[in-house]
Amino acid sequence: MLEVAGLNAGYGEVQVLWNVGLKVERGEIVSLIGANGAGKTTTLRSIMGLIRPFSGVIRLDGTEIVGLPTHEIVRRGIALVPEGRHLFPKMTVIENLRMGAYAVDSSKYRDLLERVFQIFPVLKERKDQLASTLSGGEQQMLAIARGLMSDP
């Protein structure tokens, strides 16, 4: 379970979040919805360790994760697929997917790959194609699939 309580965060002197709290149970899907500037991205960046909160608690399965490096948070099971896709355009679909699984035990790789190909069968058809040559929708599928390859 992911638990956020009393989260206050921002950038430099500018506070963006005030006392944010949320709980996400294992297997649950949650959406953060709000106007531009409401703090959705700042909340996610705080959870992922991309910015350090001013105060508050962020726990994953009961363990505090504030202060952990982002790669360690990913290893513990949280993935972020940021807006804008951020693919490796000169790499193939399969190479992009491999990059998403960098922290995963190699024995899980094939199962994860099969899972994302079941969710996005078009990516299996295009596995040897450069990411830059995919359509916009296919690129978004690849970005999400790459996040899933981290086994969140």
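Out of 130, 87, one residue alone is of a type in the set (A, V, I, L, M, F, W, C), in contact (Cβ under 8 Å) with a residue 40 or more places away in the chain, over 19 Å from residue 50 (Cβ atoms) and not assigned by TED's automatic domain parsing to the domain that holds residue 47. It is 130. Checked against the criterion of being assigned by TED's automatic domain parsing to the domain that holds residue 9 and within 23 Å of residue 28 (Cβ to Cβ), the candidates 141, 48 yield just one match: 48.
Filtering the stretch 95-152 to residues that are aromatic (Phe, Trp, Tyr) and closer than 14 Å to residue 79 by Cβ leaves only 102. For the stretch 4-55, give me the residue count where each residue is β-branched (Val, Ile, Thr), under 15 Å from residue 79 (Cβ atoms) and part of a loop (DSSP other than H, G, I, E, B). Residues in the stretch 4-55 being β-branched (Val, Ile, Thr), under 15 Å from residue 79 (Cβ atoms) and part of a loop (DSSP other than H, G, I, E, B): 2 in total.
Would it be correct to say that residue 43 is under 19 Å from residue 150 (Cβ atoms) and of a type in the set (Ser, Thr, Tyr)? Criteria not met by residue 43.
Residue 83 satisfies every condition listed in (1) within 18 Å of the chain's Cα centre (by Cα); (2) farther than 26 Å from residue 10 by Cβ except (2). For the stretch 56-68, enumerate the residues that are within 16 Å of residue 152 (Cα to Cα), assigned to a loop (DSSP other than H, G, I, E, B) and not β-branched (Val, Ile, Thr). Within the stretch 56-68, 61 is the sole residue that qualifies. Listed by position, the helices (runs of 4 or more DSSP H) contained in the stretch 77-152 that have at least 2 residues being within 30 Å of residue 64 (Cβ to Cβ) and of a type in the set (Gly, Ala, Ser) are 136-148.
The values are calculated or read from the model by the stated rules, or taken from the named source; none is laboratory data. From a predicted model like this one, the values you see are computed outputs, not experimental measurements. Here the Cβ is made from the backbone with ideal geometry for all residues, glycine too, and neighbour counts use every protein chain on show.
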